[in-house]
């Protein structure tokens, strides 16, 4: 692949997945500045991969894998604050067009997700916030699609029980 083709592939990937990767990072770290830095680093690593001429079968999964690994590393370095503390300090992102009821439901779901096991919360985030299918989630997490489908189903039921749906 020549340099012009590499640049075009990178630009198309950034246009297609940049916002989604940023949202994923934002949900993971609850800091706009850090999410921006992480997104930039994800695409820097992706660019290095493209420049080396390496083949990849699924760019989207590859980018989410990088972002997920970066988030894991960040959590290892910094023991995260509890979700309640983040909500109280206003670090949890809010939709400016959301009604107070929608914000309350959002906070209730986030609080319930905080009580789930990390693996459950992670698959729900990737499925329902980022819109990845079980096959792509499996690639990101290094598991089988069947395992991910089962985990999504069970995690959804546990979350519904926590919020009494």
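Numbers below:
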item	result
Enumeration of residues in segment 30-61 that are closer than 13 Å to residue 10 by Cα and in contact with a helix residue (DSSP H, G or I) (Cβ under 9 Å, 6 or more places away or on another chain)	42, 43, 45, 46, 47, 49, 50, 51, 53, 56, 59, 60
Scope segment 86-128; condition more than 24 Å from residue 141 (Cα to Cα), at pLDDT 65 or above and under 17 Å from the mean Cα position of the chain (by Cα); matching residues	106
Qualifying residue in segment 63-85 (condition: at pLDDT below 70, over 19 Å from the mean Cα position of the chain (by Cα) and over 15 Å from residue 140 (Cβ atoms))	yes
Pair list, Cβ < 8 Å and 6+ apart or interchain, from segment 93-112 residues that are at negative phi and surrounded by 10 or more Cβ atoms within 10 Å (Cβ to Cβ) to residues that are assigned to a helix (DSSP H, G or I) and modelled with pLDDT under 70	94/103; 107/87; 110/83; 110/87; 111/83; 111/84; 111/87
Within segment 13-38, tally of residues that are part of a helix (DSSP H, G or I), touching a residue at least 12 places away in the same chain (Cβ under 8 Å), surrounded by 14 or more Cβ atoms within 10 Å (Cβ to Cβ) and over 11 Å from the mean Cα position of the chain (by Cα)	6
Selection from segment 136-165 of residues that are surrounded by 15 or more Cβ atoms within 10 Å (Cβ to Cβ), more than 15 Å from residue 121 (Cα to Cα) and in contact with a helix residue (DSSP H, G or I) (Cβ under 6 Å, 6 or more places away or on another chain)	136, 139
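The values are calculated or read from the model by the stated rules, or taken from the named source; none is laboratory data. No experiment lies behind these values; they were computed from the predicted model shown. Note: ideal-geometry Cβ built from the backbone for every residue, glycine included; neighbour counts use all protein chains shown.
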